[in-house]
Amino acid sequence: MLKPNINISVIIPTFNRKNTLTKCLHALFDQTYPKKNYELIVIDDGSTDGTGEIMNTLLSDAPCIMKYFRQVNSGPAAARNVGIKMAQGEIVLLIDDDIIAASSLLESHFNWHQKYSDDKTAVLGYVEWSHDINVTPFMRWLDNGGPQFSYNKIFNETDVDPARYFYSCNISLKKKLLTENGEFFDEEFLIAGWEDIELGNRLKKRGVVLKFNKEAKAYHFRTVALSNYCRRMFKVGQTSHILARKIQQGEKKVNAGSTLRKYFKKIKLILKYPKFRLYYKLAKYYENRAIKTEIFKFTINYCYKRGALNMKDLIRITEK
């Protein structure tokens, strides 16, 4: 047996997605890149759905080196940090547990790191919806003009802004860039939403260059309902103040607004509540029928702003 020479460490945080995780790992087992040259690191963020039992089976069947670590639920930022510290590879590839890799994903990332060998160069891959799921018009909008990804704005570019496009669902960079400078994910972010963009902002200040390789392709294997996404955006809004504070550290403080200004913002949102109720019903109607940008955008932004201002959740409406 050839001695492993690990070049790439694939880091996958997971939480209560054992079936999707299984598909994710099987796709990573079936890569064109030599199996002796990469490892898979799965960090279980306190799953309660039997992920551990599934992993015990997968560990024995894995054709490449695979490691499994279980932690108390602490969020994806903390989970990725564990994986980065465990990684043996010079290159770390960050993906999510609902990402299904194309067979050439690892090879595409590795080749670009050979092409752009500078330690401060990172590579952003491309993600689109899986062809094996029902992609609704609402989901199409999320990835093309909506708040999830903005690949449509960079599809013909190579150099992109790490402060805007540091998408941890499919991105690779040199491990030493993170470990030697202590630039790990900020664990104050307990949910997915801003933790990757915040890291991208810090890395940009260190001179990191982000290259977009649209041939490094993977597929998002998850359906997204409007109601669930509204609740998610409310929670993401609640963490937006953390991002603002982190970005402003070490810079001239930007006045976030007085208590009075925030009060008027809340009043403004309250006055827009009837419009939200109408637009939410319209968005539900069109969710599976047609892309309605104005309706979808207002609905999602309203939930985000409500979370950012620490107002009462809209769970009763979004459950209807």
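The values are calculated or read from the model by the stated rules, or taken from the named source; none is laboratory data. Computed from a predicted model, the values in this text were never measured in an experiment. Glycine also receives a Cβ, built like all others from the backbone with ideal geometry; neighbour counts cover every protein chain displayed.
Kindly provide the set of residues from the range 104-121 that are under 24 Å from CYS64 (Cα atoms) and surrounded by 14 or more Cβ atoms within 10 Å (Cβ to Cβ), ordered by number.
SER104, LEU105, LEU106, GLU107, SER108, HIS109, PHE110, ASN111, TRP112, HIS113
Give me a count of the residues in the range 13-59 that are under 19 Å from the mean Cα position of the chain (by Cα), among the β-branched types (Val, Ile, Thr) and buried (at least 23 other Cβ atoms within 10 Å of the Cβ).
Residues that pass the stated criteria total 4.
Check VAL92 against each of (1) closer than 30 Å to LYS120 by Cβ; (2) in contact with an Asp or Glu (Cβ under 7 Å, 6 or more places away or on another chain) and name the one condition it does not meet.
Answer for VAL92: the failing condition is (2).
Considering every residue within the range 130-137, establish whether at least one is under 17 Å from the mean Cα position of the chain (by Cα) and under 20 Å from VAL224 (Cβ atoms). Talk me through it step by step, then tell me what you get.
Narrowing the range 130-137 to residues under 17 Å from the mean Cα position of the chain (by Cα): 130.
Going one step further and asking which of them are under 20 Å from VAL224 (Cβ atoms), we end up with 130.
Yes: the range 130-137 contains one or more residues that are under 17 Å from the mean Cα position of the chain (by Cα) and under 20 Å from VAL224 (Cβ atoms).
Starting from the range 12-40, take each residue that is touching a residue at least 12 places away in the same chain (Cβ under 8 Å) and list its partners that are part of a loop (DSSP other than H, G, I, E, B) and among the β-branched types (Val, Ile, Thr), counting only C-beta distances under 7 angstrom and pairs at least six apart or across chains.
Close Cβ pairs (under 7 Å, with a partner that is part of a loop (DSSP other than H, G, I, E, B) and among the β-branched types (Val, Ile, Thr)) amount to ASN16/THR48; ASN37/ILE6; TYR38/ILE6; GLU39/ILE6.
Evaluate the range 110-121: report whether one residue or more is without any contact (Cβ under 8 Å) to a residue 40 or more places away in the chain and touching a Pro at 6+ places or on another chain (Cβ under 7 Å). Even if it seems obvious, please write down each step before you answer.
Within the range 110-121, the subset without any contact (Cβ under 8 Å) to a residue 40 or more places away in the chain is 111, 114-115, 117.
Now narrow it down to the ones that are touching a Pro at 6+ places or on another chain (Cβ under 7 Å): none.
Looking for residues that are without any contact (Cβ under 8 Å) to a residue 40 or more places away in the chain and touching a Pro at 6+ places or on another chain (Cβ under 7 Å), one finds none in the range 110-121, hence no.
Report every pair of residues separated by at least 6 positions or lying on different chains whose Cβ atoms are under 7 Å apart, first residue within the range 131-148 and among the charged types (D, E, K, R) and surrounded by 15 or more Cβ atoms within 10 Å (Cβ to Cβ), second outside any helix (DSSP H, G or I) and at pLDDT below 95.
Pairs that qualify, where the first residue is among the charged types (D, E, K, R) and surrounded by 15 or more Cβ atoms within 10 Å (Cβ to Cβ) and the partner is outside any helix (DSSP H, G or I) and at pLDDT below 95, are ASP143/PHE149.
Could you check how many residues of the range 15-45 are of a type in the set (S, T, N, Q) and in a helix (DSSP H, G or I)?
4
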